[in-house]
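J.: There's a structure below that I have some questions on.
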Amino acid sequence: MSQAFVKEGDEQWLHDVSPTLNALLVYLTRENNGIRVYLVKQAADPKTGEEVLQMSNGLSYGKDKEGKWEIRW
């Protein structure tokens, strides 16, 4: 089922976002009051080797063991 239409008051949480970069960008832009959020840097976590995405909102994101988005560092 598509989540293209979300009723007012229905909140989406970071861990509910589809595990794609595009879905993360859409979610972060919406959470940033419509101000576009973009990828600044892509790197590997020095401890785990997992992919970490540094975004223009000043935070870094990665996926947990279940493949769900989470804030890193």
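FYI, it's all coordinate maths here, none of it is from the lab. Note that this is a predicted model, so its numbers are computed, not measured. Cβ: placed from backbone, ideal geometry, glycine included. Neighbour counts: every protein chain shown.
J.: So how much slack lies between HIS15 and GLN54, counting 0.36 nm per residue of separation and subtracting their Cα-Cα distance, in nm?
T.: Result: 12.3 nm gained on full extension.
J.: Sticking with this one: Across the chain, where is the longest run that never hits trypsin sites (Lys or Arg not before Pro) in a DSSP loop with at most 13 other C-beta atoms within 10 Å?
T.: 8-35
J.: Follow-up. Taking the alpha carbon gyration tensor of the chain, what are the square roots of 5 times its eigenvalues, largest first, to the nearest whole Å?
T.: Values for the chain, descending: 23, 15, 9 Å.
J.: By how many degrees, between 0 and 90 and to the nearest 10, does the Cα long axis of helix 21-31 differ from the longest principal axis of the chain?
T.: 60
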